[in-house]
Amino acid sequence: MTDPTLATLAMLGLAAFAAGWIDAVVGGGGLVQLPALLLALPGASPAQLLATNKFGSIFGTATSSVTYYRRVRPDLRTALPMAAVAYVGAVGGALIGLHIPKSAFNPIILVLLVAVGAYTLFKPDLGRESIRRFHGPRHVVLAMLTGLVIGVYDGALGPGTGSFLVFALVGLLGYAFLEASAKAKIANFATNLGALTVFAPMGLVILKVGLVIAGANLAGGYVGARTAVAKGSGFVRAIFVLIVSAFIVRIGGSLLGWWT
């Protein structure tokens, strides 16, 4: 792989800032950042792209996790067990992801995004306020199962993970969008860490690129988390629908051959 130019690094930095902002507000920044890496680094292997993406993303998720925790104070009795099993799932998913073609996942992602977006759009009261479903150990166990399944997906591929976490916490467990985003960031940090546990020792991270997108992702994550907290659940819901719709067009267009 040739050494990236300053223009390439600048383009990746802008994409990573946008991805960090989107990821902090509602999740799914990888659907911005991964295509940018693919476009900018055509000589890199899929494993290198995934590893470098995770390296940059973990700085954004760490920053937004801390910001959300300070301002929203999510219940860690649910968030930490979910994050722990999400980490384990991501380690397993990363090992799987080393051996499967990434293109095979696009149709699955598209179907999931269409289902998630339609359900959210046609349920206008969804996520406006927290109405917990299940209580006590059942609530925590369901959150942990959610973290495990989505953790495996994130380790194996990753794009849209934050959006799927938010939707699961809102739709299955009854959280408001803002609190769901706070818990999702903690779990998403754990899944990024799990994937890097596999990728980093193998030397797959392209360090120069990784450092650039890490800084930009960190800044975007900080700004995005503060924006979401200031605007509230209604704003997060609107951005959620908008971003999911954009992802559907992006992936659907790719499958139809409109663009690569």
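The values are calculated or read from the model by the stated rules, or taken from the named source; none is laboratory data. Please read all numbers here as calculations on a predicted model, not as lab measurements. Methodologically, a virtual Cβ is constructed for each residue, glycine included, from the backbone with ideal geometry; neighbour enumeration extends over all protein chains shown.
With respect to the conditions (1) closer than 15 Å to Asp154 by Cβ; (2) surrounded by fewer than 15 Cβ atoms within 10 Å (Cβ to Cβ), Val111 falls short on a single one, namely (1). Remark: pairs (first residue in the stretch 223-249, under 22 Å from Ala36 (Cβ atoms); second residue of a type in the set (Phe, Trp, Tyr) and surrounded by fewer than 20 Cβ atoms within 10 Å (Cβ to Cβ); Cβ separation under 8 Å; 6+ apart in sequence or on different chains) = Thr227/Phe235. In the stretch 168-183, the residues that are under 16 Å from Arg71 (Cα atoms) reach residues that are in a loop (DSSP other than H, G, I, E, B) and of a type in the set (Ser, Thr, Tyr) with C-beta atoms within less than 8 angstrom, at least six apart or across chains, in these pairs: Ala176/Ser130; Glu179/Ser130; Lys183/Tyr175. Number of residues in the stretch 84-115 that are under 17 Å from Ser163 (Cβ atoms) and modelled with pLDDT under 70 equals 3. Being surrounded by 24 or more Cβ atoms within 10 Å (Cβ to Cβ) and among the acidic types (Asp, Glu) is a property that does not hold for Asp75.
Here the condition is being out of contact with any Pro (no Cβ under 7 Å at 6 or more places or on another chain), within 27 Å of Pro137 (Cα to Cα), without any contact (Cβ under 8 Å) to a residue 12 or more places away in the chain and aliphatic (A, V, I, L, M); of Val66, Val72, it holds for Val66 alone.
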